[in-house]
Amino acid sequence: MDTVAFFDTKPYDKIWFDQLKQQHGIALKYYESRLNCDTAVMANGARAVVAFVADVIDAPTIDMLVSMGVEAVALRSSGYNHVDLKHADGKLRIFRVPAYSPNAVAEHAMALLLCLNRKIHRAYNRVREYNFSLKGLVGFDLKGKTAGVVGAGKIGQAFIDICLGFGMKVLAYDPYPIQRNGVEYVSFHDLCRRSDIVSLHCPLTKDSYHMVNRDTLRMMQTGVVILNTSRGALIDSEALLDAIKTGKVAAAGLDVYEEESDFFYEDVSGDVIQDDKLKLLLATPNVLVTSHQGFLTEEALHEIAKTTLQNLSDHFAGRPSENEVSYTTATV
């Protein structure tokens, strides 16, 4: 039975991995620690490791894994911007889960929009204190509004379906457009200028880093709502805060944050947060932050476990896999 070291383990990870691992003849050793150059030694004796988005798979970590005989890294995520693919090339095989549940993330993005628009989070806190005033809770009809969807892959398409169901107009930007009725593909700058809501559903690459910045924010309509359920570094947080202060951005729903690895997925309620930008975002009533939970549904967790274990089985059997990513084939 092949041994695999499983890093950054949470209780919900084990539910499906424990149920499915026997089918693949894989023994999992669970570790709560995140994978990095200091913790990689825990993988000694394992043929592969399973990692998540907060793990640091840089050159020193890769060298440590390789020195212990680790052959592969199976990411239980779709994104791989936290992996030094160039350094891993020819040393480690890297696998990912390209589409675990597009609906889960898309529905979470719409949940953020609905909550922000109708001030559900504020109303919830008010009525718990027996304050039933409606002052400051005015929203707007989504029907007829224009949603700008940045990234029209599987998650973006799922979000488009939801928007169309609400009777919204949809603009989309994607280098590889999938033509469909009810969707107008435009440039990113045109999307910024014309959208009432801008929702990000694209990977983080050198080209998309801080794509929402001071310049693109200036292009947007006053009162725009921004949603990000992809990767935090798609947005320049400081520029977003300034745009919120001036009223250029009416609201922001963020399931990700560019410095989230220090906080997300952990209970830091007893700590003094040193990140001033995050503290300002959390203190702003028209900003809603969730801790990268867009993927967190039963269906998604099952698919993540199923695909990750299949990726490991393919590696151990020497089979090719469409879920393998490499420096020569990936867009980084």
Can we say VAL198 is open to solvent by less than 30 Å² (accessible area, probe 1.4 Å), part of a strand (DSSP E or B) and touching a Gly at 6+ places or on another chain (Cβ under 7 Å)? yes
Go through the residues of the range 271-293 one by one and say whether even a single one is free of Cβ contacts under 8 Å to residues at least 24 places away in the same chain, open to solvent by 20 Å² or more (accessible area, probe 1.4 Å) and closer than 20 Å to LEU75 by Cβ. no
Which is under 23 Å from ILE197 (Cβ atoms), open to solvent by less than 80 Å² (accessible area, probe 1.4 Å) and touching a Leu at 6+ places or on another chain (Cβ under 6 Å), of LEU112, LEU142, LEU137? LEU112
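Can you spot a residue in the range 17-29 that is part of a helix (DSSP H, G or I), in contact (Cβ under 8 Å) with a residue 12 or more places away in the chain and either among the aromatic types (Phe, Trp, Tyr) or closer than 23 Å to ASP262 by Cβ (or both)?
Taking the range 17-29 first, the residues part of a helix (DSSP H, G or I) are 17-24.
Now narrow it down to the ones that are in contact (Cβ under 8 Å) with a residue 12 or more places away in the chain: 17, 19-21, 23-24.
Keeping just the survivors that are either among the aromatic types (Phe, Trp, Tyr) or closer than 23 Å to ASP262 by Cβ (or both) gives 17.
Taking every residue of the range 17-29 in turn, at least one turns out to be part of a helix (DSSP H, G or I), in contact (Cβ under 8 Å) with a residue 12 or more places away in the chain and either among the aromatic types (Phe, Trp, Tyr) or closer than 23 Å to ASP262 by Cβ (or both).
Tally up the residues in the range 273-301 that are at positive phi and among the polar types (S, T, N, Q), please. Before you say what the answer is, go through the steps one by one.
The initial filter retains those residues of the range 273-301 that are at positive phi, namely 292.
From what's left, among the polar types (S, T, N, Q): none.
The total comes to 0.
Any idea which of GLN157, GLN179 is more than 20 Å from ALA104 (Cβ to Cβ) and either in contact (Cβ under 8 Å) with a residue 60 or more places away in the chain or polar (S, T, N, Q) (or both)?
Criteria check complete, one pass: GLN179.
Just checking, does the range 169-179 include any residue being surrounded by 17 or more Cβ atoms within 10 Å (Cβ to Cβ) and either over 25 Å from GLY294 (Cβ atoms) or of a type in the set (Phe, Trp, Tyr) (or both)? Even if it seems obvious, please write down each step before you answer.
Just the residues of the range 169-179 that are surrounded by 17 or more Cβ atoms within 10 Å (Cβ to Cβ), to begin with: 169-174.
Add one more test, that the residue is either over 25 Å from GLY294 (Cβ atoms) or of a type in the set (Phe, Trp, Tyr) (or both), and what stays is 173.
Taking every residue of the range 169-179 in turn, at least one turns out to be surrounded by 17 or more Cβ atoms within 10 Å (Cβ to Cβ) and either over 25 Å from GLY294 (Cβ atoms) or of a type in the set (Phe, Trp, Tyr) (or both).
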I'm checking my understanding of the structure. Among residues of the range 208-239 that are charged (D, E, K, R) and surrounded by fewer than 18 Cβ atoms within 10 Å (Cβ to Cβ), which one is nearest to LYS145 (Cα to Cα)? ARG218
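The values are calculated or read from the model by the stated rules, or taken from the named source; none is laboratory data. Treat the numbers as computed from the prediction; the structure is a model and nothing was measured. Please note: Cβ atoms are built from the backbone with ideal geometry, for glycine as well, and neighbour counts cover all protein chains shown. In case anyone asks, the SASA skips ligands and DNA or RNA and just uses the protein heavy atoms, side chains included. Shrake-Rupley method; radii C 1.70, N 1.55, O 1.52, S 1.80 Å.
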